[in-house]
Amino acid sequence: QVQLVESGGGLVQAGGSLRLSCAASGRTFRINRRAWYRQAPGKQRELVAFITNGGSTNYADSVKGRFTISRDNAKNTMYLQMNSLKPEDTAVYYCTVGGPTGDYWGQGTQVTVSS
C-alpha cells in the first residue's frame, strides 16, 4: 500500500504561481508511474502531467510551458510547479502513483485562480 498526502493548493491571482507537493509513504519502492490530474467543476478528470522513473515528462497541451512536474526520490515527494496560472486552471488537483499493486490517489487539493 502507498499513502499520498498533497499540499500547496490555494487561491492565487491570474498570472501567479503555486507549487503542489505530493508526499508518498508506504511501499514506495515499487512505484513506477507518477502523475498529476485535475478536475474542474462539471468536467471530467483530466491528465495534467506525468513523469516516468527515467525522468521523462509529458504534459497536457493546455499547461505546456507553464507547468513543470518533478520528483525528489530521497523525499519520496512529487511536485507540480504551476506558473502563469489562468482562471481555467481552477480545479481540484490530484496526484497519483502506480505500481504492481495498483494505482493510488491523493485526497486532492483545491487550486483557485481569480481573474
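Rule-based calculations on the coordinates, nothing more; no lab input. What you are looking at is a predicted structure, and each value in this text was computed from that prediction instead of being measured. With ideal geometry, Cβ positions are generated from the backbone for all residues, glycine too; neighbour counts draw on all protein chains shown.
Could you name the lysines in cross-link range of Lys43, using Cα to Cα under 19 Å and dropping any fewer than eight places away on the same chain? The qualifying lysines are Lys86. Modelled spin-label separation between Ala14 and Asn73, with each label point placed 7 Å from Cα along the Cα-to-Cβ direction: 4.1 nm. The label point for Gln110 and the one for Asn58, both projected 7 Å from the Cα toward the Cβ, are 3.2 nm apart.
Label-to-label distance, Thr101 versus Arg66, with points set 7 angstrom from Cα along the beta-carbon direction: 3.7 nm.
Every Cα-Cα pair of segment 66-115 was included, and the share exceeding 14 Å stands at 63 percent.
Taking Cα centre as origin and charging only the Cβ of basic (Lys, Arg, +1) and acidic (Asp, Glu, -1) residues, the dipole magnitude of segment 1-98 rounds to 260 debye. With 0.36 nm allotted per residue and the present C-alpha distance subtracted, the Thr28-Arg45 stretch has 3.7 nm of extension available.
Please sort by residue number the trypsin sites (Lys or Arg not before Pro) in segment 39-93 whose DSSP state is loop and whose Cβ has at most 16 other Cβ atoms within 10 Å. All intermediate terms of the calculation are to be shown ahead of the outcome.
Working: sites: Lys43, Arg45, Lys64, Arg66, Arg71, Lys75; in loops: Lys43, Arg45, Lys64, Arg66.
Loop-located and lightly packed - Lys43, Arg45, Lys64, Arg66.
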